[in-house]
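The values are calculated or read from the model by the stated rules, or taken from the named source; none is laboratory data. All values reported here derive from a predicted model rather than from experimental measurement. Every residue, glycine among them, receives a Cβ derived from its backbone with ideal geometry; neighbour counts consider all protein chains shown. Just so you know, the surface numbers come from the protein's heavy atoms only, side chains and all, with ligands and any DNA or RNA stripped out. Shrake-Rupley method; radii C 1.70, N 1.55, O 1.52, S 1.80 Å.
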Amino acid sequence: MHYSKYNIAILGFGVEGQDSARYFLGQNSKRITVFDKRPEGEVVSGEWNDRGVEFVCGENYLAKGLKSYDYIVRSPGVYRYLPEIMEAEIRGTKITSNTILFFEESEANIIGITGTKGKGTTAQMLKLGLEASGKKVLLLGNIGTPMLDRIDDADTFDWVILELSSFQLIDLPYSPPIAVVTNIKTDHLNWHKDREEYVRAKANLWIHQKPTDTVVFNRNDETSVELAKSAPGQVMWFSRGETSAVRAHSVDAQKLKVPGEHNAENALAALQAGIAAGDDIDKMWDGICKYEGAEHRLEFVAEIKGVKYINDSAATTPESAIAALTTFKEPKILIVGGSFKGVRFNEFAKKVLENNVKTVFVIGESGSEIKTELKKAGFKGEIVNDVENMENLISQANDKANSGDVVLLSPACASFGLFKNYQDRGNAFKEAVRRLKSANTA
C-alpha cells in the first residue's frame, strides 16, 4: 500500500517512532506529525531538523486530540487504549504500528518470539542456529534492527526473526507461521490494565495462526500449558524435564556457553523453532551453543579478592531474578529493587531464602515492598536500604563479601528512578566494580 495521500500521526519518537517517520517520508506522505510528551528540545535534533515533519511536544502533547489524521502510528511505549486514540478510532482513523505495517507490507517468512523473559536470548540463539544450518537470517524487533528499516529487503532472507513485546502485540491482527513463547509470567502491570490484558496481548502472536502453522510452548509454564489448549496451529513443546528436546534429540546441554537452567530452556525453545522450520537438528544445536550471552544478562564483570561480581541488570521481573539466584550456588550478596510495576515479591522472597543469600541491598521505589516481603518470608540475613549511590553500594558490598562469594545485581524490577533504564543501571554497576578493582590493584 502507498501512503502518499494520507495524513500520518506518529505517537512517541523513540527508535520505533523515528523508524516510522523515515518510512512515511519515503512514502511521500501528505503530512507527518510526531506527538511526544518529552520537551521539544529532547525530541527534535540531528537528522530531524528541516525534514518537513511537524512536532507536538510536552506534557500536554495530546491536549488538542488527534483530529484530521488518516493513520495513527503507535510506538510500543504508548498505551493502545488511551482515550485520545480511542476517540480517533471511533471517528474512522486507522490505528497501526510498525509491527502491523511489517506484517501487512512484507512477504518475509517470519518466526515471532515473545515471552515475559528470555525472548531476546532465544531470538539470538535461534539466529545462530538457523545460520549454522545454512540459512540467511535477519533479526528485527526489540533486540534487532527496527522493522521498517528493512521492510524492502526482508523477503530476500530465508527467515526473519521478530522479537516482540506485549506492547507490540497488543493490537496485532496477524500471527507468523512459526511462533515461540518462552514463558508467560506477570509484567508491565504499570502499562497494561491487568494481567488478563497482558496475557491476551501475548496470545496475538499465535491466536491468528492457520492449522498448518506452528507454536512452540514451554511445558513447564502453567499459563502456556493452559493457553496451548486453544491454539489454532500445531503445538510443539520444549521442557527442561526428562522428556526435553535435549534427551529426545540427543543434543549435549553441556556445550552451552551461558549458565543457568533458564538459558537451557531458551536454547531448547530455539531448537524446537528450528525443527519447526525444517532444519538439521545437530547443525542447529551447534549454532545455538555458540551464543555467549548478552550485556546485562548474567554478565561477569570482575573477580576481586575471590569475590565475583555479576551484572544481571536486565532481570526486570521477579521471575528473571529468581533464575539468576538459582544459577549461582555460592553465598550471595544480592542487589535488588527499582521502579514498582505492580508485581508481587512474595515468591521471590521465598527463593531468596532458599538460595544462599546472606545480605540484600534494596534500592529504588520498590525497596520497601521487597524488604517487607523478605521479613514476612523469614529472611534472617542483613537487609541494607540506606545506600546513596551505586559506588557507595559496591563499597559496602565489598566490605561484607568474603572470598568465594558472589555480588549479584539482579534487581527483579525495571529502573526508571535512580537510573534511566536497566542498561544505565548495569553500566553504573560495572563502572563502580571497575573502580573498586583498580583501587585494589593499585
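Does the range 9-61 hold any residues that are in a strand (DSSP E or B) and surrounded by 15 or more Cβ atoms within 10 Å (Cβ to Cβ), and which are they?
Of the residues in the range 9-61, the ones in a strand (DSSP E or B) are 9-11, 31-36, 54-57.
Ala9, Ile10, Leu11, Arg31, Ile32, Thr33, Val34, Phe35, Asp36, Phe55, Val56, Cys57, listed by residue number.
Are there any pairs, at least 6 apart or on different chains, whose C-beta atoms fall under 8 Å, with the first in the range 151-175 and farther than 24 Å from Pro211 by Cα and crowded, with 17+ Cβ neighbours inside 10 Å and the second hydroxyl-bearing (Ser, Thr, Tyr) and modelled with pLDDT of 95 or more, and if so, which?
Ile151/Tyr23; Ile151/Ser106; Ala154/Ser106
Looking at the range 343-363, I want the residues that are among the small types (Gly, Ala, Ser) and have a partner that is surrounded by fewer than 19 Cβ atoms within 10 Å (Cβ to Cβ) and not in a helix (DSSP H, G or I) with Cβ atoms under 8 Å, at least 6 apart or on another chain. Which pairs are those?
Short answer, once both residue conditions are applied: Ala349/Phe379.
Among the numbered criteria (1) free of Cβ contacts under 8 Å to residues at least 60 places away in the same chain; (2) open to solvent by 10 Å² or more (accessible area, probe 1.4 Å); (3) closer than 19 Å to Trp285 by Cα, which single criterion is violated by Arg200?
Of everything listed in (1) free of Cβ contacts under 8 Å to residues at least 60 places away in the same chain; (2) open to solvent by 10 Å² or more (accessible area, probe 1.4 Å); (3) closer than 19 Å to Trp285 by Cα, Arg200 misses just condition (3).
Here are Thr316, Thr327: which of them is closer than 23 Å to Lys185 by Cα and either touching a Gly at 6+ places or on another chain (Cβ under 6 Å) or acidic (Asp, Glu) (or both)? Full working, then the answer.
Working: Thr316 fails: either touching a Gly at 6+ places or on another chain (Cβ under 6 Å) or acidic (Asp, Glu) (or both).
Result of the check over Thr316, Thr327: Thr327.
Picking from Tyr309, Tyr291, which residue would you name as being outside any strand (DSSP E or B), aromatic (Phe, Trp, Tyr) and touching a residue at least 24 places away in the same chain (Cβ under 8 Å)?
Step by step, each of Tyr309, Tyr291 is checked, and only Tyr291 is outside any strand (DSSP E or B), aromatic (Phe, Trp, Tyr) and touching a residue at least 24 places away in the same chain (Cβ under 8 Å).
Identify, by number, the condition in (1) hydroxyl-bearing (Ser, Thr, Tyr); (2) without any contact (Cβ under 8 Å) to a residue 12 or more places away in the chain; (3) in contact with an Asp or Glu (Cβ under 6 Å, 6 or more places away or on another chain) that Ser410 doesn't meet.
(2)
So which residues in the range 176-186 are surrounded by 23 or more Cβ atoms within 10 Å (Cβ to Cβ) and part of a loop (DSSP other than H, G, I, E, B), if there are any at all?
Applying the first criterion (surrounded by 23 or more Cβ atoms within 10 Å (Cβ to Cβ)) to the range 176-186 yields 176, 178-184.
Residues satisfying the conditions are Pro176, Thr182, Asn183, Ile184.
What number of residues in the range 287-322 are more than 25 Å from the chain's Cα centre (by Cα) and either under 27 Å from Ile178 (Cα atoms) or of a type in the set (D, E, K, R) (or both)?
So the first thing to find is which residues in the range 287-322 are more than 25 Å from the chain's Cα centre (by Cα), and the list is 302-308.
Filter once more, so that each one left must be either under 27 Å from Ile178 (Cα atoms) or of a type in the set (D, E, K, R) (or both): 303, 305, 308.
Qualifying residue count, the range 287-322: 3.
Just checking, how many residues over the range 276-305 are open to solvent by 20 Å² or more (accessible area, probe 1.4 Å) and either farther than 15 Å from Gln254 by Cα or among the small types (Gly, Ala, Ser) (or both)? Lay out the reasoning, then the answer.
First, pick out the residues of the range 276-305 that are open to solvent by 20 Å² or more (accessible area, probe 1.4 Å): 276-278, 280-283, 286, 290, 292-295, 297-301, 303, 305.
Right, trim to either farther than 15 Å from Gln254 by Cα or among the small types (Gly, Ala, Ser) (or both) and you get 276-278, 280-281, 283, 293-295, 297-301, 303, 305.
Here the count works out to 16.
Which of the residues that make up the range 89-136 are of a type in the set (Phe, Trp, Tyr) and either open to solvent by 10 Å² or more (accessible area, probe 1.4 Å) or touching a Cys at 6+ places or on another chain (Cβ under 8 Å) (or both)? Show your work before the answer.
Start the filter on the range 89-136 by keeping residues that are of a type in the set (Phe, Trp, Tyr), which leaves 102-103.
Across the range 89-136, the qualifying residue is only Phe103.
(1) aliphatic (A, V, I, L, M); (2) open to solvent by 20 Å² or more (accessible area, probe 1.4 Å); (3) modelled with pLDDT of 90 or more: which one isn't true of Ala273, the others all being true?
Evaluating Ala273 over (1) aliphatic (A, V, I, L, M); (2) open to solvent by 20 Å² or more (accessible area, probe 1.4 Å); (3) modelled with pLDDT of 90 or more leaves (2) as the failure.
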